[in-house]
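The values are calculated or read from the model by the stated rules, or taken from the named source; none is laboratory data. Treat the numbers as computed from the prediction; the structure is a model and nothing was measured. Cβ sites come from the backbone with ideal geometry, for glycine too, and all protein chains shown count toward neighbours. Remember, those area values only see protein heavy atoms, side chains included, never the ligands or the DNA or RNA. Shrake-Rupley method; radii C 1.70, N 1.55, O 1.52, S 1.80 Å.
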Amino acid sequence: MIELDAELTRLELQRSRADYQQQQATLEDARRRLQEANSLVAKRSIAASEVRSLESEVQVATSGLASSQADVARQQALLKRHTLRAPFSGVISAKLTEVGEWLTPGTTVFELVGSDDLHADFAVPQQYFPQLSLDTGLEVWLEKEDDSESSIAASITAIVPVNDPTARTFTVRASVDGKSLTPGMAINGRLQMRSANTRPSVPRDALLRDSQGNVTVWIAEGDDKNLVARRKVVKIASGQSQQVTIVEGLNRGDRVVIRGNESLRDGDKIRVVD
């Protein structure tokens, strides 16, 4: 993405390599003199103190070589950091520096946006935290669209167990298919959770309100050949979801009229058509 001026660092690297070579030569010379001294010990032609002095010289030279080697590695690492490479493939969305500008560690140079692996973060009410896992189903669709044809493949990749005390929510991160999305888009999500106390639910279009403010639905009673419309008053759970939970008024197996319910009257015969 960018390459910094590395002239001074290259010179420092050359100096470090030269010092390393010098330390190598010093160590080799110290080892040679120590080897010669050890060969004279048996003949008692050299003092023991001189041999110990030569051993100390070898140790000092060894330490000097190790220090010089570390300095070479440091200069190589610094030189490598003068080239800024993108950590992932993407598009530069913002350029925050100019040619010739002095940079310090931590300075933001570019904003890089990747489109291969997109993530979406959702704020989920805290009461659902015990029911969630990475296997929980998730349905995602673009904002202002709410139908099965516009759903986008998504799966939960992380659940952040940190509660926001102001909103009483926690974050759920999902991996989404980036083919139809770009970073920054607004999307909606619906968790598919099983509750311990399952209750029936109906599409919001099935609900009607009478003049007294009661929420009602139309039930299709009878067999498939003789269906009759019956009005039922129900109590619904709060929320803005398109699928509404019925707290009271419906039983398992009740068939609810979803379309054409606005013009029904109690006792009307119903015929199901495709």
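For the chain, the relative contact order is 12 percent, taking Cα pairs closer than 8 Å that sit 6 or more residues apart in sequence and dividing their mean separation by the residue count.
The range 86-143 and the range 1-48 have Cα centres lying 50 Å from one another. Placing +1 on the Cβ of each Lys and Arg and -1 on the Cβ of each Asp and Glu in the chain, which of 166, 54, 218 has its Cα farthest towards the positive end of the resulting dipole? Value computed over the given set: 218. Principal-axis analysis of the Cα atoms of the chain puts helix 7-41 at an angle of about 50° to the longest axis. Sorted largest first by accessible area at a 1.4 angstrom probe radius, with every protein chain in place, the residues 1, 193 fall in the order 1, 193. Ranking 156, 127, 94 by how far each Cα lies toward the positive end of the dipole of the chain (charges on Cβ) leaves 127 at the top.
Between helix 48-80 and the chain there is an angle of about 40 degrees, using the helix long axis and the longest principal axis of the Cα atoms.
In the chain, the DSSP-assigned H stretches of four residues or longer account for a calculated mean residue ellipticity at 222 nm of -9000 deg cm²/dmol, using -39500 (n - 2.57) per stretch and the full residue count as denominator.
Could you work out what % of the accessible surface of the chain is carbon and sulfur, using a 1.4 angstrom probe and leaving DNA, RNA and ligands out of the count? Display every interim value, and only then the final one.
Details: 9500 of 19850 Å².
Percent of accessible area from carbon and sulfur atoms in the chain: 48.
Computing mean projected area of the Cα convex hull in nm² directly from the structure and comparing it against [x] 18.4; [y] 14.2; [z] 29.9 singles out [z]. The residues of the range 14-151 have, on average, 73 Å² of accessible surface per residue, using a 1.4 Å probe with all protein chains present. Full extension of the segment from residue 73 to residue 113, taken as 0.36 nm per residue of separation minus the current Cα-Cα distance, would add 11.1 nm.
Rounded to the nearest 20 debye, the dipole magnitude of the chain is 780 debye, with +1 charges on Lys and Arg beta carbons, -1 on Asp and Glu beta carbons, and the Cα centre as origin. Note on the chain: GNM, Cα springs under 10 Å; of 19, 224, 116, the largest mean-square fluctuation is that of 224.
What is the count of Lys pairs in the chain whose alpha carbons sit under 24 Å apart, if the two are 8 or more places apart or on different chains? List each step's numbers first, then the result.
Details: 80/95; 144/179; 225/269; 232/269.
Pairs that pass both the separation and distance tests number 4.
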